[in-house]
């Protein structure tokens, strides 16, 4: 009887010791600030205040902190993801639709309200019409460029039991195109251009939500051709014959679809960069400060990988590339990350290229910035998923 009691005591002591060890590890170990594979900031220890305790916000924040900072959290998450992919063979893992040759974003099924979509299209077209009037008021030209995202481009790759959003995109594009046409606002839908080309397989990434550099190059050509045809400019447009493409070797492309899967899926994509045959010297300014005159960031991240930030260094709040050719027009591009890759191409045809991303640039509104800079050409580049969103780069005038 005594031996059994002693065994129980030892077991309980070991159990309590293990709990204490885990708690001490959580308290004493260095706290991470960023989850690389989740691509987000981790919760930090909340400040203990009377107001926070009374409102309950402290306990909510503490729960998030303990969850994010739990010992071995990353390792356990990676093992769980591996099991989901290779043992359980789940078709959707960490909100990514997994197949042998493609990774796509998972979206829950939605009730498509065509009237609501049309109303949003009308509202956005009103806003862009006012912006067009501002640009044409000083003699400039405005064009809105709609770009399909990877999910829209590969909508036919989704399994039947997953929402591809193809119906939504069809209604959205039709409503937006009609609303813009009624107001006489120029709209270039790159999706139409790619569809006419047969939607080439190598134009969009299998592991990321953006186009590949080949897709960005085709989009650049379409934009330049549209500008020349619409404005009467005769800007040089590079073809495959006078533009060199180069593979970036030695690094893995950790695309936005591959990243949530901890890079465990055996899908690899070769990143491409390129340059015109002729040398075009330029000066680059980020936020008004002169920086290294490059358009490709070939430095690997903390895990030794490259991502879409290879193009222009990612989402820069404000930048200017000055080629010092005053005989050419100036251009302003604004929009989400789909601007990045084409910026490495468009600057070649202009005296100055300005770019702002209103998700991160707060000094001036878009209308104020345009009124101050007065570029000859203004392009908005946004993908289908945010085409009608009034947030971020959908905000034109001061609130």
Listing of helices (runs of 4 or more DSSP H) fully contained in the range 50-141 that carry 3 or more residues being in contact with a helix residue (DSSP H, G or I) (Cβ under 8 Å, 6 or more places away or on another chain), closer than 26 Å to residue 385 by Cβ and at pLDDT 95 or above = 114-137
Pairs, first farther than 12 Å from residue 189 by Cβ in the range 375-386, second in a helix (DSSP H, G or I) and at pLDDT 95 or above, C-beta under 6 Å, six or more apart | 378/135
Hey, could you check the range 142-167 for residues that are closer than 30 Å to residue 365 by Cβ and assigned to a loop (DSSP other than H, G, I, E, B) and say which is nearest to the chain's Cα centre (by Cα)?
-> 149
Mind checking which residues of the range 277-311 are assigned to a loop (DSSP other than H, G, I, E, B) and touching a residue at least 40 places away in the same chain (Cβ under 8 Å)?
-> 280, 281, 282, 295, 298, 300, 301, 302, 303, 304, 305, 307
Please go through the range 365-377 and pick out each residue that is in contact with a helix residue (DSSP H, G or I) (Cβ under 8 Å, 6 or more places away or on another chain) and over 22 Å from residue 280 (Cα atoms).
-> 366, 367, 370, 371
In the range 312-328, residues that are in contact (Cβ under 8 Å) with a residue 40 or more places away in the chain, in a strand (DSSP E or B) and under 24 Å from the mean Cα position of the chain (by Cα) total 1
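Conditions (1) surrounded by 17 or more Cβ atoms within 10 Å (Cβ to Cβ); (2) out of contact with any strand residue (DSSP E or B) (no Cβ under 8 Å at 6 or more places or on another chain), marked per residue:
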site	(1), (2)
120	yes, yes
130	no, yes
137	no, yes
144	yes, no
150	yes, no
158	yes, no
161	no, yes
Please enumerate the residues belonging to the range 205-261 that are under 18 Å from the mean Cα position of the chain (by Cα) and in a loop (DSSP other than H, G, I, E, B).
-> 205, 206, 207, 208, 209, 210, 212, 254, 255, 256, 257, 258
Filter the range 273-295 for residues that are in contact with a helix residue (DSSP H, G or I) (Cβ under 6 Å, 6 or more places away or on another chain) and surrounded by fewer than 17 Cβ atoms within 10 Å (Cβ to Cβ); the one that is farthest from residue 244 (Cα to Cα) is 280
Out of 334, 362, 347, sole residue that is without any contact (Cβ under 8 Å) to a residue 60 or more places away in the chain and out of contact with any helix residue (DSSP H, G or I) (no Cβ under 9 Å at 6 or more places or on another chain) = 362
Only one of (1) farther than 21 Å from residue 227 by Cβ; (2) in the same structural domain as residue 251 (by TED's automatic domain parsing); (3) free of Cβ contacts under 8 Å to residues at least 40 places away in the same chain; (4) part of a loop (DSSP other than H, G, I, E, B) is not met by residue 399, so which one is it?
-> (2)
Taking residue 193, is it assigned by TED's automatic domain parsing to the domain that holds residue 275 and assigned to a strand (DSSP E or B)?
-> no
Hey, residue 333 in a strand (DSSP E or B), in contact with a strand residue (DSSP E or B) (Cβ under 9 Å, 6 or more places away or on another chain) and within 28 Å of residue 249 (Cα to Cα) or not | no
Scan 162, 147 and give me the residue that is in contact with a helix residue (DSSP H, G or I) (Cβ under 7 Å, 6 or more places away or on another chain) and either closer than 16 Å to residue 381 by Cα or touching a residue at least 60 places away in the same chain (Cβ under 8 Å) (or both).
-> 147
Among (1) over 24 Å from residue 260 (Cα atoms); (2) part of a loop (DSSP other than H, G, I, E, B); (3) in contact (Cβ under 8 Å) with a residue 40 or more places away in the chain, which single condition is residue 370 missing?
-> (2)
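The values are calculated or read from the model by the stated rules, or taken from the named source; none is laboratory data. Since we're looking at a predicted model, the values are computed, not measured. Heads up, the Cβs are rebuilt from the backbone with ideal geometry, glycines too, and the neighbour counts pull from every protein chain shown.
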